[in-house]
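Trainee: One structure follows; several queries about it will come next.
The values are calculated or read from the model by the stated rules, or taken from the named source; none is laboratory data. Source: prediction; values computed, not measured. Cβ placement follows ideal geometry from the backbone for every residue including glycine, while neighbour counts extend to all protein chains displayed.
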Amino acid sequence: MQITQKLSPNFTRGRQGWVPDMFCFHYDTGSDAGTGTINTIMNPARQASYHSTIGTATGVTEHVRIEDTAWANGTSTDRNHRLWIGHARHPIVRERNVNPNLYTISICIPGDRAPIGETRIEQAVELILHYRREVHRIWGVWIKLDRTHIIGHDEISRTLCPGLDFPFEEIINRARARAGASARAAGRPAGGQSPREGVLVRIGDVETIVPAQMRGDRWVMTLPDGPEGQPQPSVLLRVVLETMGFDVGWDSADGAIVAALPVE
Ligand SMILES: [Zn+2]
């Protein structure tokens, strides 16, 4: 996907140790093909920015690098302030109780409040997948493709942005289908042979091949029980997998760990 860079002066360097794990979508009103939005982002006096905009004259445009903090979803710690973080509808945002800009990637789709349309839906999907690969490359984690981690500005602050009609479900479904497809492609040797039957797990100097099978787009892994009173291998593996960004579950019928495969 073609991404044009038009970097904004409005950002804070770094993320104060936070790893971005949510996408936050915005809308910006105006029927000027995004000119007003870009002018705002480029104007230091406005103190506002997004990591990227979609569907302006420059197509998909990056304004703040994802290593840095954009100024899109600011909140206040003052109870009497309109932007008090306690107003947030998103439970994780309330729980973390820090500036949500630190852990979000903000994407704005300028325009009037009409449906965003096929082209921009596709751009949003591809941009999510692009940033997700970048976050994995930089920080080693995969952002989850679900409604908890792909959110709207109105879940953080009292705002009408990005609007009730925003097609979250469509965007998430497409992103998931495409991420799953490339993961399946990556998990199989060339030539369409059967998938690997084990996963190499390395903890410190110890390497273990964990027996694993692919069922659909998930790995199913079984581990023997360890000595009683010791941390069980399955519990340790779960922690490792979750740290690596896998979506981990437990199949009690099979006594097996079920992990969604990260992509690429
Ligand atoms: Zn917004």
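Trainee: Restricting to the stretch 58-89, what's the tally of residues that are touching a helix residue (DSSP H, G or I) at 6+ places or on another chain (Cβ under 7 Å) and either within 13 Å of the ligand (Cβ to nearest atom) or not hydroxyl-bearing (S, T, Y) (or both)?
Mentor: 15
Trainee: A follow-up question, please. Could you check, for the stretch 229-239, whether at least one of its residues is modelled with pLDDT of 75 or more, more than 20 Å from the chain's Cα centre (by Cα) and of a type in the set (D, E, K, R)?
Mentor: yes
Trainee: Can G59 be described as in contact with a strand residue (DSSP E or B) (Cβ under 8 Å, 6 or more places away or on another chain) and exposed (fewer than 14 other Cβ atoms within 10 Å of the Cβ)? Outline the logic, then answer.
Mentor: Details: in contact with a strand residue (DSSP E or B) (Cβ under 8 Å, 6 or more places away or on another chain): yes; exposed (fewer than 14 other Cβ atoms within 10 Å of the Cβ): no.
Judged against the criteria, G59 is not a match.
Trainee: A further question follows. Condition first: within 16 Å of the ligand (Cβ to nearest atom) and among the aromatic types (F, W, Y). Now tell me which residues in the stretch 13-32 satisfy that. Explain how you work it out, then say what you get.
Mentor: The first filter runs over the stretch 13-32 and keeps only residues within 16 Å of the ligand (Cβ to nearest atom), leaving 22-30.
Selection gives F23, F25, Y27.
Trainee: Note down all Cβ pairs under 6 Å where the first residue falls in the stretch 96-112 and is assigned by TED's automatic domain parsing to the domain that holds I54 and hydrophobic (A, V, I, L, M, F, W, C), the second is assigned to a strand (DSSP E or B) and within 13 Å of the ligand (Cβ to nearest atom), and they're at least six residues apart or on different chains.
Mentor: Pairs that qualify, where the first residue is assigned by TED's automatic domain parsing to the domain that holds I54 and hydrophobic (A, V, I, L, M, F, W, C) and the partner is assigned to a strand (DSSP E or B) and within 13 Å of the ligand (Cβ to nearest atom), are I105/F23; I107/F25; C108/H26; C108/D28; C108/T53; I109/Y27.
Quick grid of which residues meet (1) within 13 Å of the ligand (Cβ to nearest atom); (2) of a type outside the set (V, I, T); (3) in a helix (DSSP H, G or I); (4) over 18 Å from the mean Cα position of the chain (by Cα):
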{"residue": "T119", "(1), (2), (3), (4)": "no, no, yes, yes"}
{"residue": "V125", "(1), (2), (3), (4)": "no, no, yes, no"}
{"residue": "R132", "(1), (2), (3), (4)": "no, yes, yes, no"}
{"residue": "I138", "(1), (2), (3), (4)": "no, no, yes, no"}
{"residue": "C161", "(1), (2), (3), (4)": "yes, yes, no, yes"}
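Trainee: Here's a follow-up. Suppose we filter T53, T35 for residues that are within 14 Å of the ligand (Cβ to nearest atom) and either among the β-branched types (V, I, T) or free of Cβ contacts under 8 Å to residues at least 12 places away in the same chain (or both); which single one remains? Can you show your working first?
Mentor: Values: T35 fails: within 14 Å of the ligand (Cβ to nearest atom).
Result of the check over T53, T35: T53.
This table checks each residue for (1) modelled with pLDDT under 95; (2) of a type in the set (D, E); (3) more than 25 Å from I172 (Cβ to Cβ).
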{"position": "K6", "(1), (2), (3)": "no, no, yes"}
{"position": "P44", "(1), (2), (3)": "no, no, yes"}
{"position": "T69", "(1), (2), (3)": "no, no, no"}
{"position": "T77", "(1), (2), (3)": "yes, no, yes"}
{"position": "R82", "(1), (2), (3)": "yes, no, yes"}
{"position": "G111", "(1), (2), (3)": "yes, no, no"}
{"position": "T119", "(1), (2), (3)": "yes, no, no"}
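Trainee: Among the candidates G198, G180, single out the residue that is under 30 Å from I121 (Cβ atoms), at pLDDT below 80 and surrounded by 12 or more Cβ atoms within 10 Å (Cβ to Cβ).
Mentor: Values: G198 fails: under 30 Å from I121 (Cβ atoms).
From the options G198, G180, the qualifying one is G180.
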